[in-house]
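Report on one structure; see the data block that follows.
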Amino acid sequence: SYELNYSSDIDLIFVYSDDGSTAGSGQQEKLSNREYFIKLAEAVSKLVGQPAGESAAYRVDLRLRPHGRDGALASSLAEALRYYRQSAQDWERQALIRSRAAAGSSALFERFAEEAERYIYRPEVSITEALASVRLAKQKIDRKVEQSKTGFNVKLQRGGIREIEFI
């Protein structure tokens, strides 16, 4: 199902098609596509994640992007695919299994998804190795939850939605 769980955050990855630059207009100078899409990613993230009225529309998590917190808010298609091919951790690749387009060019998302699938389902990784990687990711989360001692966490503790997702 594509429904969010109660109080789910959304993990956003901003991908643009190619390097290049904008046309610029009037008093606005040309910007590189990278600069333009980083500014757009900042604006979109703020718009959907900023509290207004009762609360924000969504809690936005941008840490799944290539290079996590150290990475640019937006990546070219080639840059994103290079990251998922060469540098991404297994859990980052596995998180892409449930990805889908939320806005923008569906054709660009299809290109991204088709290429990224090769790095998610890699023939050189056995089922045993893939499952071991999932188990390791779950164990890391469990250790972090145990250390936090902030009371019961319905999402992350035993029987929670995260455990169901891992199963």
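Laid out as a table, the results:
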| read-out | value |
| --- | --- |
| Matching residues in the range 10-48 - criterion: being within 22 Å of D61 (Cα to Cα), in a strand (DSSP E or B) and open to solvent by 70 Å² or more (accessible area, probe 1.4 Å) | D11 |
| Flag if I97 is touching a helix residue (DSSP H, G or I) at 6+ places or on another chain (Cβ under 7 Å) and not charged (D, E, K, R) | yes |
| Among residues of the range 52-63, those that are surrounded by fewer than 17 Cβ atoms within 10 Å (Cβ to Cβ) and part of a strand (DSSP E or B), counted | 4 |
| Selection within the range 64-90 - in a loop (DSSP other than H, G, I, E, B) and aliphatic (A, V, I, L, M) | L64, A72, L73, A88 |
| Near pairs, Cβ below 6 angstrom, 6+ apart or cross-chain, from the range 116-145 (closer than 14 Å to I167 by Cα) to any residue that is modelled with pLDDT of 90 or more and not in a helix (DSSP H, G or I) | none |
| Residue list for the range 76-100, filter: farther than 22 Å from S32 by Cα, open to solvent by 50 Å² or more (accessible area, probe 1.4 Å) and small (G, A, S) | S87 |
| Subset of the range 28-70 (residues that are of a type in the set (S, T, N, Q) and in contact with a strand residue (DSSP E or B) (Cβ under 7 Å, 6 or more places away or on another chain)) | S32, N33, S45 |
| Unique match (being assigned to a helix (DSSP H, G or I), farther than 24 Å from V60 by Cα and open to solvent by 80 Å² or more (accessible area, probe 1.4 Å)) among E124, E114, E110 | E114 |
| Residue list for the range 130-167, filter: in contact with a helix residue (DSSP H, G or I) (Cβ under 9 Å, 6 or more places away or on another chain), open to solvent by 100 Å² or more (accessible area, probe 1.4 Å), over 23 Å from P66 (Cα atoms) and charged (D, E, K, R) | R158 |
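The values are calculated or read from the model by the stated rules, or taken from the named source; none is laboratory data. Note that the structure is predicted; figures quoted are calculated from it, not measured. Note that we place each Cβ from the backbone using ideal geometry, even for glycine, and neighbour counts take in every protein chain shown. Each accessible area value is taken on the protein alone, full model and side chains, heavy atoms only, with ligands, DNA and RNA left out. Shrake-Rupley method; radii C 1.70, N 1.55, O 1.52, S 1.80 Å.
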